[in-house]
Each structure stands twice: as structure tokens, then as C-alpha cells.
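Written below as C-alpha cells is the structure these notes are about.
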Amino acid sequence: MSTKPIGIFDSGIGGTSIFKEIHALLPHENCIYLADSKNAPYGNKSKTKILELSIKNTELLLNKNCKLIVVACNTATTNAIQQLRSTYDVPFIGIEPAIKPAALNTQTRAVGILATKGTLSSELFHKTTDLYSNGIKVIEQVGEGIVPLIEAGETDSDAMKALLETYISPMLQADIDYLVLGCTHYPYLIPQLLTLLPKHVKIIDSGLAVAKQTKAILEQNNLLNLSTNSPNIHFFSNGNIDVLKHILDDKFNVRMLDF
Ligand code: DGL
């Protein structure tokens with residue numbers, strides 16, 4: 001058993017969608033969340049830069065004594081998690097676009113995936129897609145411009161609606177029945193997406209799966225926090241903390257940190 005915190009990082013506020021699932025499943029775990037909003041978006045950066053930023057975030061979380069790191073970012077997972085795992089001693093949990101359940105369940109044999117350029121161009125994403133997409137049309141779409149709007153607090157603006165319509169319409173033309181959200185910022189767009197998608201199109205987001213995997217790995221490593229005290233949860237952002245505060249419960253401690 002360990003009372004040390006779980007460390008979570010993302011290029012910004014998107015990974016809070018993962019934090020919320022982890023906190024719901026493991027309500028007594030202490031957590032430290034880093035929002036590297038200053039460097040968002042990661043999605044257009046080179047693999048080398050994404051790795052460098054992921055190392056910086058990991059080392060900061062390890063200096064804060066974290067027992068396990070959740071890379072709450074598809075872009076950082078698909079570009080950096082292998083190197084992180086081979087460099088540091090703690091367990092790492094990552095998130096990748098959930099192509100598998102979409103490919104296994106599609107009736108129309110067409111699935112859409114919305115993710116960053118960094119994720120869609122990564123080797124890991126291609127390996128997973130090749131493994132499961134046999135005979136299925138996978139319509140990949142880079143969500144260019146979405147993350148900066150979310151980081152600016154614009155989940156519901158006209159600009160966002162226009163972008164989503166542009167990105168979703170070729171998928172609907174291809175008759176998808178599953179839309180995979182391949183970026184942890186995107187679950188904040190589910191209400192807008194539901195207005196654009198016909199009823200039979202299901203949205204897949206892997207937040208709950210990541211939380212379950214976090215719990216399983218903590219158990220396997222004897223790292224679960226067995227205390228029933230209320231947890232210490234801290235959010236640090238190197239960007240605009242108001243946007244982060246806006247999407248979190250007031251009870252959480254959100255602070256500015258230059259990292
Ligand atoms: N939330 C991220 C992801 O899951 C990063 C998006 C970005 O910074 O471009 O990919």
C-alpha cells in the first residue's frame with residue numbers, strides 16, 4: 001500500500017477528463033495533475049519535442065514523489081511512452097485511440113477517428129490500427145485547431161462548431177457508426193458532437209478504461225492507497241488557471257506553476 005500521489009500530465013486541460021474517471025474510481029488516491037498549457041498543443045510538434053516535454057513533466061511529477069504516472073494525452077502516449085517506460089522505474093499508464101472496440105463492433109464497416117496530427121502519424125497508432133482494422137474503413141481526421149480553442153475556454157463557440165462540422169461531415173458521408181475520440185481534450189466536446197451525429201453513431205472515449213487500468217496496475221504493484229481519508233489533490237498549470245478552474249469542481253486546489 002502507498003499513500004504517495006498518482007501523477008497525471010497532459011499538454012493542457014484535456015487530461016482532466018481522465019483525472020475525473022480516476023478520481024471517481026479511486027476516490028481516496030492522492031493526485032497531482034500537471035497542465036502544460038504553455039506548450040499546448042503538443043499535436044503539431046515533432047516526436048523529439050513531444051518526448052522532451054513528456055520527460056520534463058515526468059521528472060517534475062517524480063520530484064513530487066509520484067508512485068505511478070498517467071500520461072493523460074494520446075499524443076504523448078503514442079510518441080513517448082515507450083521511452084518513458086524504459087527510462088524510469090515507476091509504472092506508466094497511457095491512453096491511445098480506442099480503435100479496437102470500434103472495429104470489433106461496427107455494423108457499417110466504417111469508423112471515424114478524430115485525433116491530433118502527432119497521434120495519427122505515430123508508429124504506435126499505425127500498429128494498433130493495422131492490427132484491428134482488417135476490412136474496415138478507418139476515416140482518420142486531424143482535429144487541427146480544436147485544442148487551442150478548448151484551451152481558450154471555447155468549447156461551444158461558433159468557431160468550434162464550424163470546425164467540428166467540417167471534420168465530421170466526411171465521416172458521415174463514409175457512413176461511420178462509431179466515432180473514436182483520440183484526444184483527451186475531446187470528451188469536453190461530446191454535447192456539441194451529439195448535435196452533429198445521427199443517433200446510431202456511437203462515441204468512444206477511453207477515459208474509463210484508463211482509470212480501470214490504473215487501478216489494476218496499482219493493485220498488481222501493491223501501490224493502492226488503502227486509507228479512507230479524503231485525498232490531497234493538486235492541479236498545477238503553467239497557463240491560464242481560470243480555464244482549468246472552470247472545468248473542475250471548486251473543491252480542488254488549482255495553482256499556477258512555471259514549469
Ligand atoms: N490532450 C492531448 C491528446 O490527448 C493533446 C492535444 C494537443 O496538445 O495537441 O492528444
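The values are calculated or read from the model by the stated rules, or taken from the named source; none is laboratory data. Since the structure is predicted, the reported quantities are computational estimates derived from the model, not experimental observations. Virtual Cβ from ideal backbone geometry, glycine too; neighbours counted across all protein chains shown. Quick note on the areas: whole protein, heavy atoms, side chains included, nothing else; ligands and nucleic acids left out. Shrake-Rupley method; radii C 1.70, N 1.55, O 1.52, S 1.80 Å.
Miscellaneous remarks
- Put simply, the amide H of ILE204, placed in the peptide plane, has neighbours under 5 Å in LEU179, VAL180, LEU181, leaving out anything fewer than 5 places away on its chain.
- Measuring against 29 Å, Cα to Cα, the residue pairs LYS137/LYS245; LYS199/LYS245; LYS212/LYS251 contain LYS137/LYS245; LYS199/LYS245 as the ones spanning a longer distance.
- Each part gets one Cα centre, and for region 1-48 versus region 143-179 those centres are 23 Å apart.
- Taking GLU144, GLU21, GLU219 as the candidate residues, the one with maximal mean-square fluctuation in a Gaussian network model of the chain, Cα springs under 10 Å, is GLU219.
- Residue-count net charge about GLY145 - beta-carbon cut-off 12 Å; Lys, Arg +1, Asp, Glu -1: -2
- Region 1-132 has equivalent-ellipsoid semi-axes of 26, 18, 13 Å, by the square roots of 5 times the alpha carbon gyration tensor eigenvalues, sorted largest first.
- Max mean-square fluctuation residue, GNM over the chain, Cα-Cα springs under 10 Å, options ALA211, ALA159, ALA80: ALA159
- Backbone phi angles across region 181-194, fed through the Karplus curve with coefficients 6.51, -1.76 and 1.60 (θ = phi - 60°), yield HN-Hα couplings of 8, x, 8, 6, 6, 5, x, 5, 9, 4, x, 5, 5, 5 Hz in residue order; Gly and Pro are listed as x.
- Gap separating the Cα centres of region 188-207 and region 49-103, nearest whole Å: 26 Å
- Accessible area in square angstrom per residue, the chain, 1.4 angstrom probe: 44 Å²
- Both radii come from the Cα set of region 184-246: Rg as radius of gyration, Rh as Kirkwood radius; their ratio Rg/Rh reads 1.10.
- P(r) weight above 23 Å for region 148-259, C-alpha pairs, percent: 49 percent
- Note that region 7-22 has calculated 3J(HN,Hα) couplings of x, 9, 9, 8, 5, x, 8, x, x, 5, 5, 7, 3, 4, 5, 5 Hz, one per residue in order, obtained from phi through the Karplus relation 6.51 cos²θ - 1.76 cosθ + 1.60 (θ = phi - 60°); glycine and proline are x.
- The chain: radius of gyration over Cα atoms, expressed as a fraction of 2.2 N^0.38 Å: 0.98
- Of all accessible heavy-atom area on region 114-259, the percent that carbon and sulfur account for (1.4 Å): 51 percent
- Full-extension gain in nm, LEU257 to ILE55, via 0.36 nm per residue minus C-alpha separation: 71.0 nm
- Computed lengthening from ASN63 to HIS234, 0.36 nm per intervening residue step minus Cα-Cα distance: 60.1 nm
- The packing ranking of peptides 66-79, 245-258, highest mean first, is 66-79, 245-258, where packing means the average number of other beta carbon atoms within 10 angstrom of each residue.
- Beta bridges by DSSP in the chain, antiparallel share as percent, to the nearest 5: 0 percent
- Separation in nanometres of the label points that stand 7 Å from Cα toward Cβ, at THR166 and THR87: 3.5 nm
- Counted residue by residue at 0.36 nm each, then reduced by the alpha carbon distance between them, the extension gain from SER46 to GLU123 reaches 26.4 nm.
- Three-way shape call for region 1-74 based on the alpha-carbon gyration tensor, with the a/c threshold at 1.5: oblate
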